[in-house]
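Read the figures in this text as sums done on the coordinates, not as results from a lab. Quick caveat: nothing in here was measured; it's all calculated off a predicted structure. Virtual Cβ from ideal backbone geometry, glycine too; neighbours counted across all protein chains shown.
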Amino acid sequence: MKAPIKRDEVAKHKEKNDCWVYDVTHFLDEHPGGAGTILAYAGKDATAGFQPIHNTDVLDLLPENCLLGQAEEGGKEETKAKPEDHKTAQKEADKQQLPESPGGKPPLDQMLNLMDFESVARDVMKKEGWGYYSSGGDDEITLRENHLAFQRIWLRPRVMVDVSKIDMRTTMMGSESSLPLYITATALGRLADPEGEVVLTRAAYSEGIIQMCPTLASNSLEEMIKARKPGQTQWYQLYVNKNRQLTEKIVKKAEDGGMKALFVTVDAPALGRREKDMRNKFAASAPDVQKGQVNRQQGTARAISTFIDPSLSWKDMQWLKTMTKMPIVLKGIQTGEDALLAYKYGAKAIVVSNHGGRQLDTARSGIEALAEVVEALKEVDREGKMEIYVDGGIRRGSDIFKAIALGAKGVGIGRPMLYSLAAYGQPGVERAIQLLKDELEMVMRLMGTPTIADIKREMIDTKSLSLHFVPAPRDHLTESIYEPMRAAKL
Ligand SMILES: Cc1cc2nc3c(=O)[nH]c(=O)nc-3n(C[C@H](O)[C@H](O)[C@H](O)COP(=O)(O)O)c2cc1C
């Protein structure tokens, strides 16, 4: 047995790259907490810094010759770690958790899921933009339920299927897409990025997905059309204006500009009360469809939406259909009854949606309404000619999988595109889409579904979907472990 190492001897080794009694010099760069945290204790007793974070088993992972010997008991003051050493170590550890990028935000490659983008966007966005994007109607119960409902659907994976190749490609309204996901219409892109929706156009192109362009875009229709690359698909979202002639003019412009489908929003005859948004006065410039009718006192949403026609009804379906050759899609269907009417009146497709929980609070989630809609349509549309889309709360690849299994042709995604745009611009939006692709690919592999066509209804268990208050235990582990990604204070 080696003689105890004198504390005087330990104290001599406080230079960089020289740590005793364990010599972990070679390990400095590999230390998950960073070299700095170890060096803060170089030449000193690091026990107080080590113990709260590690168990002693990790020392077995070091090569044997790292252990130089045992230090003697006691020792001089200078070999004891001081409060300032712990502070230095903590600062070094913090740096590892949140490496700074030039903008004060975590580097983009640290964004591992869509919630990360939301956290960073909250830190970097102005109050007006954050309030407008993040708000939901009244108590925001539907806003939360949109996402939570996916957690009440359980997966039934199949095994022993060749999943060496996964193909996520599909078609939506006759256009190709790299996965069953599109960027849905969300107004006022300039609150996220000074360039506005055209950045989403570019990101949609590079990721091979479809963009739905909003009536209330910050960019003009021409700008969004101009930003489109050859072969790229865009759809147009329409709010019917009280001035019907103006509506016809806009629709013609969209059709002439090469938009491939007309998504008429039918869930907003009045704008929901979005209190977080209403507390802010609308300061940004209004979209060009406004023609000066802007009341700036009641938040962004109300300021820009006074022109929407509340008299729109099923009787107008004929008018809509004769106005354009674009297929008509009704966005905002929430019941089996209305899905049947949409079919009867000749809609080519529907989007099951509650407007991202921004309209009628305590309306059911999009995914729950989808289950009802699919059942109702089975009776009349046996061949599934009318395509069904869904949006609201899609945040994971598994959410996309569940929606497809329930009978959706594709899913729309709103806020995460705005948050990733606000936080990191085009590369952010692209990364958000890539993360969803990675997640969906993994889920498809683990579910035994090499192609979208292999995703079947029996692969999901929806018994709990319509039970809104299930006495389930809280997931304390996940709740305490997930650390929201935050930007450093700017
Ligand atoms: C900031 C914001 C603006 C929106 N603007 C519109 C709009 O102008 N027209 C429309 O039909 N839907 C609009 N929506 C609703 C979205 O198209 C979509 O239904 C919803 O965002 C989906 O939910 P998600 O945000 O949870 O993905 C908006 C949603 C948000 C969050």
Notebook entry, point to check: Kirkwood hydrodynamic radius for the range 387-435: how many Å is it when counted over pairs of different Cα atoms?
Noted result: 11.3
Margin query: If amide hydrogens are placed 1.01 Å from N in the peptide plane, which non-local residues have theirs closer than 5 Å to the one on residue 43?
Written below: 20
Next item on the list: Rank-order 144-151, 422-429 by packing density, defined as the average count of other C-beta atoms within 10 Å over each peptide's residues, highest first.
Entry: 422-429, 144-151
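Just the projected area, averaged over all directions, of the convex hull on the alpha carbon atoms of the range 309-426: how many nm²?
So the mean shadow area of the Cα hull is 8.9 nm².
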Next item on the list: Please work out whether the range 323-375 counts as rounded, prolate or oblate from its C-alpha gyration tensor, where a ≥ b ≥ c are the square roots of the eigenvalues and a/c under 1.5 means rounded, while otherwise a/b larger than b/c means prolate and anything else oblate?
Entry: oblate
Next item on the list: Would you mind classifying the range 108-481 by shape? Square roots of the alpha carbon gyration tensor eigenvalues, ordered a ≥ b ≥ c; an a/c under 1.5 is rounded, otherwise it is prolate if a/b is larger than b/c and oblate if not.
Entry: rounded
Notebook entry, point to check: Which residues' amide hydrogens lie under 5 Å from the amide hydrogen of residue 210, considering only partners 5 or more residues apart or on another chain, with H built in the peptide plane?
Noted result: 183
Note to self: For residue 325, give me every one of the aspartates and glutamates with a C-alpha distance below 12 angstrom, ignoring sequence neighbours fewer than eight places off in its own chain.
What the structure shows: 255, 256
Margin query: If amide hydrogens are placed 1.01 Å from N in the peptide plane, which non-local residues have theirs closer than 5 Å to the one on residue 71?
Written below: 5
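Please give the peptides 334-345, 312-323 ranked by average Cβ packing (other Cβ atoms within 10 Å per residue), highest first, as a rough proxy for protection.
Ranked by mean Cβ neighbours within 10 Å, highest first: 334-345, 312-323.
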Checklist line | Violating pairs (Cα-Cα greater than 20 angstrom) within the set 253/385; 378/456; 226/437; 229/331; 44/91 | finding: 253/385; 226/437; 229/331
Notebook entry, point to check: Which percent of Cα-Cα pairs in the range 126-228 sits in each 5 Å bin, short to long?
Noted result: 2, 10, 14, 15, 16, 17, 12, 7, 5, 2, 0
